[in-house]
1. Add +1 for every Lys or Arg and -1 for every Asp or Glu among the other residues with Cβ under 14 Å from the Cβ of B:GLY91, and state the total.
2. Helix B:111-121: angle to the longest alpha-carbon principal axis of chain B, degrees 0 to 90, nearest 10?
3. Once you order the gyration tensor axes a ≥ b ≥ c over the Cα atoms, which shape class does the stretch A:287-335 get: rounded for a/c under 1.5, otherwise prolate or oblate by comparing a/b with b/c?
4. Under a Cβ-Cβ cut-off of 11 Å, what is the net charge of the residues other than B:LEU26 that fall near it, where Lys and Arg count +1 and Asp and Glu count -1?
5. How much length, in nm to one decimal, is gained on full extension between B:ARG16 and B:ALA51, taken as 0.36 nm per residue of separation minus their Cα-Cα distance?
6. Among B:ILE338, B:GLN311, B:ASN370, whose Cα sits farthest toward the positive end of the charge dipole of the stretch B:253-388 (+1 at Cβ of Lys/Arg, -1 at Cβ of Asp/Glu, about the Cα centre)?
7. Starting from the 7 Å offset along Cα-to-Cβ, what nm value, one decimal, do you get for the label separation of B:VAL440 and A:GLU426?
8. If you take the square roots of the eigenvalues of the alpha-carbon gyration tensor of the stretch A:61-151 and sort them as a ≥ b ≥ c, do you get rounded (a/c under 1.5), prolate (a/b over b/c) or oblate?
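Please treat every number below as a calculation from the coordinates, not as lab data. Worth saying up front: this structure is predicted, and the values here are computed from it rather than measured. Don't worry about glycine lacking a Cβ; one is built from the backbone with ideal geometry, like all the others, and counts go over all protein chains shown.
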There are 2 protein chains.
Amino acid sequence: MRLSQLIGQRIKEAPRDAQTASHIFLIRGGYCRPVSAGIYSLLPLGKRLVAKVEGIIREEMNRIDGQEALMPVVLPAELWQESGRFETVGGELLRFKDRNGKDMLLAMTHEEAVVHLARTELNSYKQLPAMMYQIQTKYRDEARPRAGLIRVREFTMKDGYSFHATQECLEAYYERAHEAYERIFKRVGMADCISIESDPGMMGGKVSHEFMALAECGEDTIFVSPDGSSYKSNRECAVSNPAYVKDAPLEQEKVHTPDTKSIEDVAAFLSMEPSQAGKAVFYRDMDGNLVFVCIRGDIEVNEAKLRKIVQSAELIFASDAEIEAAGAVAGYASILGIDCDKVRVVVDRSFAESSNLVVGANEADYHVKNFNYERDIDEESRDKITVADIATVRDGDPCPRTGEPLRMLRGIEVGNIFQLGTKYTEAMHCTFLNSNGKAVPMIMGCYGIGVGRTVAAVLEQSHDDYGPIWPMSIAPYQVHICALNIKKGDVREVSEKLYAELIERGVEVLFDDRGEKAGFMFNDADLIGIPLRLIVSPKTLEEGKVEFKRRDSRDRELIDLSAAADLVVEQIAVELQRWQP
Amino acid sequence: MRLSQLIGQRIKEAPRDAQTASHIFLIRGGYCRPVSAGIYSLLPLGKRLVAKVEGIIREEMNRIDGQEALMPVVLPAELWQESGRFETVGGELLRFKDRNGKDMLLAMTHEEAVVHLARTELNSYKQLPAMMYQIQTKYRDEARPRAGLIRVREFTMKDGYSFHATQECLEAYYERAHEAYERIFKRVGMADCISIESDPGMMGGKVSHEFMALAECGEDTIFVSPDGSSYKSNRECAVSNPAYVKDAPLEQEKVHTPDTKSIEDVAAFLSMEPSQAGKAVFYRDMDGNLVFVCIRGDIEVNEAKLRKIVQSAELIFASDAEIEAAGAVAGYASILGIDCDKVRVVVDRSFAESSNLVVGANEADYHVKNFNYERDIDEESRDKITVADIATVRDGDPCPRTGEPLRMLRGIEVGNIFQLGTKYTEAMHCTFLNSNGKAVPMIMGCYGIGVGRTVAAVLEQSHDDYGPIWPMSIAPYQVHICALNIKKGDVREVSEKLYAELIERGVEVLFDDRGEKAGFMFNDADLIGIPLRLIVSPKTLEEGKVEFKRRDSRDRELIDLSAAADLVVEQIAVELQRWQP
């Protein structure tokens, strides 16, 4: 492709709202353009990049016996009503009525659609396991899209769905899918990608993993044991193994603590650490019920864990009026004097297992010292209280496996895999005849990869100040020819010949034939980020040489013009090998 | 692929609502499944078929310098407000609000989105011509989807858009696109596809062509001159060249014609042909104005032509009350006594150029004989009347070029190309700097192909009573191995070896390894429609032979097992050659 004809400009300025390298360089390099918030068009360079990523995904899905299909973007609501998700999923599911008044939706995932197919197409254990996947457009009505291709509304996703006769079969296949994902992220050139246990959330099922591309700009927080493998978890479900201080209980004492409504205030007033206090947090669940949480003063509530315990898809903070109605005093609230028959109480282990905490007195301007959960809450109340791990893990907390301090990292979720079990197949009556001739629900797994997000994550891990440094395996072109002073001497002729010869030899070439100034051309080449570069100029041609440069190095090498094509072909092979698993 | 593992059942019964071969066999053969009215999932066989069609389209678009891009399915309304189509396009455009209350739509075509790109990415005549295309999902909220993949709501379309500095450049490129389309439809194996002049309709622009796959079940009616090339046109804009009978005017005569509200009634009552009468038809346009049409009694109004003349996107029949309000008597209406200042009158040439017609008297139960337009309508009124061709052409009408009787055919519109001109670029301020440094609007062309519809049309032209007969160029697999009595003798071993050898040699093989009865397997093979078939059975193996069969023939040939793979490889090459342009 001649750069003079390539549709898609390089842009000097970063978009105003762009913070991350991938957002900045995908726009500046002419890879994509915003059409609306979180909705992008891919320009030809971006489309080539994405097509290569899709090609790698397709090969790996076929390798694990996936069969490619294509399901619709627009689905009838009735399918999601069958699974129950039409009601339970929030505003990110775009619902609309068609011109005949029928409820429809834009699919953001295809469990229902694939189960709809499986229940007619699969009916005997002899056909199982079976895996179907697609690479297809999805829409998620994000309220706040951000970071370019990382959090968008419309996106291309590879989603695969496997069906099994037994849990063992699902687990074995899940391992194969996990390996395929490792191969995919390696092959697309992601240097730093880890899989971690995760919370299945609205997808349902029990076991699931997220594939996280490590990157500073990632939206996800991850905890990893120092050895990098013993323990890896998303913050949403990460656990640590802290030992809480267990001293002998001292006598309770009510103290006057005026104007100390926060933990920080009361700790300062009493000259102690927040960890010596107990914190009270009030939520309202989706049914409007109050949830009262006790946790140690220095620890944050992990709402994902709490939502699971109280079985509520959402939790919001309760108002002061609601807190008062529950018999507590906002700012000085504690479990003391709370009627556990009227309020759902959840206590974190950090609160139940600590000694001599300072807690609110449920009276304005007063706290109580030396609270001890087991001593101070009678057994009948304790029976009604849930004690559980609802703590947010912190950087350096002890690893639950090794006890070593956990490392906190940030990542971009590029893929996820779920052992769904029978959540969808039971709800939607998707059964097969087992070897005894009995109809039982299929056991399901599902496997997603965000294609655009993968591209963005590769860039986050592979760029410099001037632009992307694309791995050879997904680069939109393999070599970039810059013809300097194209009108001088043989430059045009030599460049055209090189261009033709490389194409002839199967190389994907981008040819800057515009006759622009050297600095301008090099800036554009850096912004595009093709891994190899040949620079043809009158000066070096005098000696029968051209310059060879790699995008990931600042060095240039003078090579014989006659050897240039061979070197490029050889280097492409070397680079492609580098990303082979 | 082993048929035992292929996801997608063959089905014995045709779907209840299916009338056409493509609808019946794409469902019965396990190619696709309905999800909602006009919304389908592609099963793996269907996806492979579609991928091959897409591959051919992609090659031909690249050959004419197209650059592949990808634009969004969901677009902000503001883009379509800029072009004016957000308001002018009807209910088939799916409009909705996102969760932030912003107007959005599901794109059914991408002129606005591509112009949005072109105005930032293309700015100099040096970059033109430039063509960008995509293969992408579209949604059109059809009120009445029908005929399987032929008229759907969600579909995959290849849409390309070219930008030019001059009209000459557009015209030259349009020719190249026309040739590329001919190559595409040839390469996908369409035996009978013609391009015809068409009405650009809501797309705008002047010159456009439709590519019509000829098929009995087609929704479009086409008129073709007997030589097949002098004249070809869609009924919507077809013209014929009838000579109207021009006799000497006779004296007007009012006759009593009780209960003759229709042309048929009055013709029967007066013992004449409908062609001797004049017909009055009343419409209401989109602004609510009455449009009064006069046409010869035996000719139907072509509403597409009429809509253009009165510049109204829709026309509906007026009510009797509206007709009376215009000073006419429903059932006995005519132009006689109509006030041309109050009502827009459009007269077909057949009415203006005929002599001595019977027309309504604008009085209940009376007609007037011997109406002659020029004589009976005064010049002042005639100046306010539009005389034009608004006639629907009929089978056998004289060709406007040769005068020979036109043939009426039916077709499926599989592609269309438009010289759009500056309709979108002017409205959306998409300009470039010409060689004089002046900003002028780009001149545009657009080029569409319905991918699923193309698949369906190929099937309509290539099937028998038992299923599709896929051309080699798009068949989901190239050869189908049937292993009969798989447990007997060497059948399994030989079949597995053949399967492995063919795959090794790059052949796409479907292997029926299910051990079903011969008749059942052959029925399935016919329903799937793979072009070549090898039948391995204990009987023929005794003599070292297998059977070779083509899907398009009922004959079977006994061949040496040792020559089977060679024959298949050779026949694939021959078959692929057959669809080369």
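1. Working: positive: A:LYS97, A:ARG99, A:LYS102, B:ARG85, B:ARG95, B:ARG140, B:ARG144, B:ARG153; negative: A:ASP98, B:GLU87, B:GLU92, B:ASP141, B:GLU142, B:GLU314.
So the environment of B:GLY91 carries a net charge of +2.
2. With rounding to tens, the tilt is 80 degrees.
3. On the way: a/c = 2.36, a/b = 1.23, b/c = 1.92.
Judged from the Cα gyration tensor, the stretch A:287-335 comes out oblate (a/c at least 1.5, b/c at or above a/b).
4. +1
5. Working: separation 35, 0.36 × 35 = 12.60 nm, distance 2.83 nm.
Length difference between fully extended and current span is 9.8 nm.
6. Farthest towards the positive end: B:GLN311.
7. Between B:VAL440 and A:GLU426, the label points sit 7.1 nm apart.
8. Working: a/c = 2.42, a/b = 1.38, b/c = 1.75.
Taking the square roots of the gyration eigenvalues as a ≥ b ≥ c, the stretch A:61-151 is oblate.
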